[in-house]
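The values are calculated or read from the model by the stated rules, or taken from the named source; none is laboratory data. Just so we're clear, the structure is a prediction, and the values are computed from it rather than from any experiment. Virtual Cβ from ideal backbone geometry, glycine too; neighbours counted across all protein chains shown.
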Amino acid sequence: MNLGNFGRKLLILLVVAAASAAWAGQWTALGPDGGDVRSLSVDPRNPERVFLGTSTGSIFISGDGGHNWARFAHLGGDDYVLDHILIDPQNPKHMFVSAWSVENQQAGDIFRSHDGGKNWEALEGMRGKSVRAMAISASDSKVLVAGALDGVYRSKDGGNRWERISASNQAEIKNIESIAVDPKNPDVVYAGTWHLAWKTDDGGASWRHINKGMIDDSDVFSVIVDSTNSSIVYASACSGIYKSESAGDLFHKLQGIPFSARRTRVLKQDPSNPNTVYAGTTEGLWKTLDGGKTWKRVSNPEVVVNDVLIDPRNSNRVLLATDRSGVLASDDGAQTFSASNHGYTHRYVSSILTDSNDPNTIMVGVVNDREFGGVFVTHNNGQEWLQKSSGLGGRDVFTLKQAANGALVAGTNRGMFILDRNGSQWRPINTVVAETKTKPVARSKKKAAKLVVQTVRSTLDARVNDLELTAKRWFAATSSGLYSSSDQGKTWIGGPVLGKTDFVAVEVSSDLLAVATRTNVLYSKDGGSSWQQAPLSSYVTSIHGVTFAPNGEILIASREGAFRSADGGGNWEHVVNGLPDKNISSITYDASSKRLLATSSASGVVFESRDGGRVWHRGPDSGYPLRRISVVRGRFVAATPFDGVIVQPENESESAAAIGASN
């Protein structure tokens with residue numbers, strides 16, 4: 001036995017198992033439900049068990065056919081896209097998951113479990129491979145075929161050993177996007193690439209281009225072989241959907257799907273009726289009942305479909321994995337769909353706000369979800385969420401604040417909006433007023449010409465990253481400058497400050513103001529009449545936020561760590577006493593407990609300081625990377641980059657109120 005290889009495999013197994021175990025005991029995800037879903041798979045022996053793959057290394061499970069979801073495992077890093085989950089039809093305890101990395105698209109893995117997902121190992125033979133496609137042979141479940149960026153790989157022993165079956169000197173069989181295995185002969189493999197499709201009839205000994213009838217230079221996103229007739233092959237490409245009745249020797253383009261829906265990400269055949277095929281596209285779900293002769297769109301055209309799952313017991317039950325809207329479910333053969341995301345959250349939460357008049361009401365802003373995002377509200381601690389985005393037009397919400405009269409103000413990727421208390425429609429508040437003074441030509445030498453003051457109105461359409469609402473003035477940090485309003489948002493004045501425009505944060509305390517770009521902090525001690533630039537280190541390149549402590553300290557959260565000024569911005573120190581030295585995502589002041597709280601995008605730990613940010617102490621570990629933290633009714637509530645809102649368990653020893661007492 002090679003003890004070196006054995007040691008590496010054991011280490012990989014232990015690391016993945018430990019990560020899954022630790023991940024399972026984290027804080028509770030409150031929602032909002034929904035978000036991106038990459039893949040779906042069903043247990044062939046127990047179709048009530050459905051598995052869901054995400055773009056952040058997480059797997060969810062449903063025990064009731066996709067009605068409710070729970071966290072199941074976490075594989076690899078948060079940058080891992082899990083596009084394929086395979087379950088051995090002969091032994092459902094054997095599971096395989098393919099992954100590729102968003103951050104390093106040349107990297108990835110294949111993970112395997114022998115015990116139904118309780119423990120996982122990264123398979124040594126595919127370590128570091130960016131696996132974009134994977135299939136298991138229907139006739140021999142020990143045969144697995146994987147498509148990676150550098151070629152096609154096969155295992156004939158359930159993943160223990162892998163061999164590359166595409167020739168290393170064949171430059172075109174690379175960038176594999178889709179894989180299909182003949183249901184009767186595991187040596188017959190189809191591989192769709194970023195440039196047309198290939199086929200081998202002899203397990204990879206030889207390959208041939210199968211492009212007759214296809215438009216040249218077509219990316220092949222999905223290939224399926226008819227489960228009852230191996231001569232029938234469907235392939236989806238950027239130029240349309242193709243069908244072959246000669247095992248790929250000749251294709252013809254199917255009609256009926258508009259050219260605008262050409263990016264068909266996935267094809268799925270109904271296991272009970274081979275003439276029924278679903279096409280999941282970037283413009284909805286399409287369905288044919290006659291083997292591709294005619295097609296009908298059966299979903300909202302705004303839905304982006306990543307995967308389709310048909311219940312093997314009941315083909316009227318159809319689940320869709322989508323971008324932004326999570327899982328959509330149909331019980332009538334795809335005639336109608338409804339969201340089925342209870343327990344599943346994959347949201348980028350930008351802000352958390354507790355209603356000033358009702359502590360049971362929590363409001364959040366989300367980004368990246370277009371018409372399925374915006375603002376969500378819960379009145380019962382996350383059991384139910386209501387979308388409150390009418391009027392936002394699918395905009396991302398980067399900041400959410402509440403005015404003294406209870407109205408909500410949202411800063412979006414295109415301007416600011418206000419929602420009156422008990423209102424149902426957001427309305428824009430983006431009127432910018434600027435005064436220009438001109439001196440007309442004097443008609444007489446005896447009479448001096450008077451200055452003419454003209455008021456110019458324009459509309460702010462910039463990205464609004466942060467808002468501060470005080471009793472006297474509102475402030476907005478935007479990509480086109482700093483703006484202020486003295487009439488509760490009806491009109492705004494402002495623009496660049498000291499030549500800087502792209503502001504990401506603003507903080508106000510009486511006459512002390514601070515605004516930040518990604519690399520600079522500007523501060524004013526006279527309400528904004530005059531400004532100075534803080535002497536920050538030049539290596540600070542990504543500032544996330546600015547916070548004031550009660551004694552006048554200014555603190556900055558940035559990718560390069562936390563920085564503190566005790567003299568109103570004149571001098572600065574890099575704070576490392578108890579804090580990580582980098583990746584500080586937020587620093588906020590918790591007035592209820594008179595302390596500062598900090599979070600990190602690289603850690604789930606909540607940090608606390610009670611001396612103005614000089615010394616910090618570790619608090620509870622949420623188990624999630626954190627964007628920002630709040631305290632709601634004595635418990636920590638946090639915003640995450642992709643897991644929505646999370647809340648601290650009620651029985652955790654370090655409660656939000658008692659954390660300081662333990663240090």
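Annotations for the structure displayed:
- From H84, H74, H94, residue being in contact with a helix residue (DSSP H, G or I) (Cβ under 7 Å, 6 or more places away or on another chain) and either in contact (Cβ under 8 Å) with a residue 24 or more places away in the chain or surrounded by fewer than 23 Cβ atoms within 10 Å (Cβ to Cβ) (or both): H74
- Count of the stretch 533-548 residues which are part of a loop (DSSP other than H, G, I, E, B), in contact (Cβ under 8 Å) with a residue 24 or more places away in the chain and not aliphatic (A, V, I, L, M): 3
- Scanning the stretch 178-220 for residues that are of a type outside the set (S, T, Y), surrounded by 23 or more Cβ atoms within 10 Å (Cβ to Cβ) and within 34 Å of the chain's Cα centre (by Cα) yields I179, A180, V181, V189, A191, G192, A197, W198, V220.
Residue-by-condition table, conditions (1) farther than 22 Å from I257 by Cα; (2) surrounded by fewer than 16 Cβ atoms within 10 Å (Cβ to Cβ); (3) among the β-branched types (V, I, T); (4) in contact with a strand residue (DSSP E or B) (Cβ under 7 Å, 6 or more places away or on another chain):
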site	(1), (2), (3), (4)
R297	no, no, no, yes
V318	no, no, yes, yes
S325	yes, no, no, yes
G365	yes, no, no, yes
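- Enumeration of residues in the stretch 77-135 that are over 22 Å from T322 (Cβ atoms) and among the aromatic types (F, W, Y): F96, F111, W120
- Single match in W572, W492 (criterion: more than 30 Å from G406 (Cβ to Cβ) and not polar (S, T, N, Q)): W572
- Candidates are the residues of the stretch 28-58 that are touching a Ser or Thr at 6+ places or on another chain (Cβ under 9 Å) and among the β-branched types (V, I, T); the one that is farthest from I352 (Cα to Cα) is V50.
- Qualifying residue in the stretch 325-345 (condition: in contact with a Pro (Cβ under 8 Å, 6 or more places away or on another chain) and either modelled with pLDDT under 95 or under 26 Å from G57 (Cα atoms) (or both)): yes
- Neighbours by Cβ (under 6 Å, 6+ apart or cross-chain): first from the stretch 411-433, of a type in the set (G, A, S); second part of a loop (DSSP other than H, G, I, E, B) and buried (at least 18 other Cβ atoms within 10 Å of the Cβ): G415/N430; G415/L460
- With respect to the stated conditions, S509 is surrounded by fewer than 18 Cβ atoms within 10 Å (Cβ to Cβ) and not aliphatic (A, V, I, L, M).
- Single match in V102, V143 (criterion: surrounded by fewer than 17 Cβ atoms within 10 Å (Cβ to Cβ) and of a type in the set (V, I, T)): V102
- Looking only at residues of the stretch 464-506 that are polar (S, T, N, Q) and touching a Lys or Arg at 6+ places or on another chain (Cβ under 6 Å), we find that the one that is surrounded by the fewest Cβ atoms within 10 Å (Cβ to Cβ) is S486.
- Conditions (1) surrounded by fewer than 22 Cβ atoms within 10 Å (Cβ to Cβ); (2) farther than 19 Å from G151 by Cα; (3) among the hydrophobic types (A, V, I, L, M, F, W, C): number failed by A107: (2)
- Qualifying positions in the stretch 534-564 - among the polar types (S, T, N, Q), in contact with a Phe, Trp or Tyr (Cβ under 9 Å, 6 or more places away or on another chain) and either at pLDDT below 95 or not assigned by TED's automatic domain parsing to the domain that holds R614 (or both): S537
- The stretch 257-271, subset assigned to a loop (DSSP other than H, G, I, E, B) and surrounded by 14 or more Cβ atoms within 10 Å (Cβ to Cβ), residue modelled with the lowest pLDDT: R262
- Selection within the stretch 369-389: residues that are in contact (Cβ under 8 Å) with a residue 60 or more places away in the chain and assigned to a loop (DSSP other than H, G, I, E, B). The member of this set that is farthest from G57 (Cα to Cα) is N381.
- The residues on offer are R564, R635, and the sole one that is farther than 22 Å from L400 by Cβ, more than 25 Å from the chain's Cα centre (by Cα) and not polar (S, T, N, Q) is R564.
- In the stretch 567-603, the residue that is nearest to V504 (Cα to Cα) out of those that are in a loop (DSSP other than H, G, I, E, B), under 31 Å from the mean Cα position of the chain (by Cα) and among the hydroxyl-bearing types (S, T, Y) is S601.
- Contacts under 8 angstrom Cβ, first residue in the stretch 323-344 being among the basic types (K, R), partner surrounded by fewer than 21 Cβ atoms within 10 Å (Cβ to Cβ) and part of a loop (DSSP other than H, G, I, E, B), 6 or more apart: R324/N368
- Search result, residues across the stretch 218-235 that are assigned to a strand (DSSP E or B) and farther than 11 Å from F251 by Cα: V220, F221, S222, V223, I224, V225
- Residue match in the stretch 118-127 (condition: among the basic types (K, R), surrounded by fewer than 24 Cβ atoms within 10 Å (Cβ to Cβ) and more than 30 Å from N229 (Cβ to Cβ)): yes
- Residues of the stretch 613-640 satisfying the condition of being surrounded by fewer than 17 Cβ atoms within 10 Å (Cβ to Cβ), modelled with pLDDT of 90 or more and not aliphatic (A, V, I, L, M): R614, R618, D621
- Listed here are the strands (runs of 3 or more DSSP E) enclosed by the stretch 80-185 that have at least 2 residues being more than 19 Å from A197 (Cα to Cα): 80-87, 95-101, 108-113.
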